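Have a look at the structure below before the remarks.
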Amino acid sequence: MLDKLKHIEQRYQEIEARLSDAGTYADPALAAKLNKEQRDLEPLMETYRTYVRTQADLEQARELISDPDLGEMAKEEFAAAKAALPALEEQLKILLLPKDPNGGKNVILEIRAGVGGEEAALFAADLYRMYTMYAEGRHWSVEVDSASETELGGLKEICFTVQGEGAYSRLKFESGVHRVQRVPETESGGRVHTSTATVAVLPEMEEVDVTIDPADIEMQVFRSSGAGGQHINKTSSAVRLIHKPTGMVVECQQERSQFQNREKAMRLLASRLYEQEREKVEGAYADDRKSQVGSGMRNERVRTYNFPQGRLTDHRVGLTLYKLDAVMNGDIDEIIDALVTADQASRLEKETLTSS
């Protein structure tokens, strides 16, 4: 590990030298690439340099322990450095794990009402609001690509793009069936109902990232419409793309121009095709994408939101929080952090088994 870190540090120093050379900025694309590589390596280098300094402190303190004047202070410094090293080593192992190639991409989220009728649609709208507020808190932008609303303000389905640094790496664990237990607004008897909504998470792909033959695309145009069939505009600016080889259909109706809607729809199609191919490679893809969103049945859940008890449980990591109001207002970092930590632990274990 230390040999690998020394090589990475050499590369980091090389990048620093090139970025300090004014000539590098004559090529903006190269400068941008080097700046990104520097940013990506920075956390690893900071931790590694702290580790090297701590090791040096440990050795220096070891040499001074026998000194009659400095011995006591040296013992304290030796103990502190020795205690700090294991955590630094663990952090270095995590930072050296292979990066998700899509980690830096924007993310497309698709939320669909599952079991539960109107209450499921209202819960889907609540989840959309939760993710929107989470994105705002991280200064990410949210753009709706398509949406189908109900008369009561729920969402049959919504597809939206979140743009921002680290969006996919943070939100990729949200895919699956989310279950809600609460008294619906439409329930007069005060009984708790169980409903579901499904969430799919895709890294946003550009058209160039995925090979799409234009001859395989059928484009249809129609008028954008909102809840109850009310027209948002009078022109046929909304776009529906059909990928004939797979039968995949995507729509975008939020932009005012047909060109903008087609451009966004092509990115969405590329993302879905990429995800389809990735899931096939992993051997877990089904044509209806059940590997991500399941069927929406109540027993296929990654997380439960229990409103009467103010409780949220993520079943994958066994995390239970009693702050449901805060969660629904976008305070989901604690949940995501737990999922990230569990993922890192799993990958570390696999890495250890592979290298042993």
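The values are calculated or read from the model by the stated rules, or taken from the named source; none is laboratory data. The model shown is predicted, which means the values in this text are computed figures rather than measured ones. Note that we place each Cβ from the backbone using ideal geometry, even for glycine, and neighbour counts take in every protein chain shown.
Among the helices (runs of 4 or more DSSP H) confined to the stretch 1-117, the ones with at least 2 residues that are closer than 30 Å to V144 by Cβ are located at 28-64. Exactly one residue among R262, R301 is in a loop (DSSP other than H, G, I, E, B), over 25 Å from G104 (Cβ atoms) and modelled with pLDDT of 80 or more, and that residue is R301. None of G228, G190 is in the same structural domain as E143 (by TED's automatic domain parsing) and at pLDDT below 75 except G228.
The residue list D145, D126 contains one member that is acidic (D, E), in the same structural domain as E263 (by TED's automatic domain parsing), farther than 20 Å from A345 by Cβ and at pLDDT below 90, which is D145.
Against the test of being more than 15 Å from the chain's Cα centre (by Cα), acidic (D, E) and farther than 30 Å from R223 by Cβ, the options E89, E149, E118 yield a single qualifying residue, E89. Taken over the stretch 44-75, the residue count meeting the criterion of being acidic (D, E) and surrounded by 14 or more Cβ atoms within 10 Å (Cβ to Cβ) is 1. Of the residues making up the stretch 23-33, not a single one is in the same structural domain as K6 (by TED's automatic domain parsing), under 32 Å from the mean Cα position of the chain (by Cα) and closer than 20 Å to M1 by Cβ.
Can you confirm whether V239 is in contact with a helix residue (DSSP H, G or I) (Cβ under 7 Å, 6 or more places away or on another chain), part of a strand (DSSP E or B) and at pLDDT below 90?
It is true that V239 is in contact with a helix residue (DSSP H, G or I) (Cβ under 7 Å, 6 or more places away or on another chain), part of a strand (DSSP E or B) and at pLDDT below 90.
Among the acidic types (D, E) and over 17 Å from N329 (Cβ atoms): does that describe E151? The answer is yes for E151. With respect to (1) crowded, with 16+ Cβ neighbours inside 10 Å; (2) in contact with a Ser or Thr (Cβ under 7 Å, 6 or more places away or on another chain); (3) not aromatic (F, W, Y), the lone exception for Q163 is condition (1).
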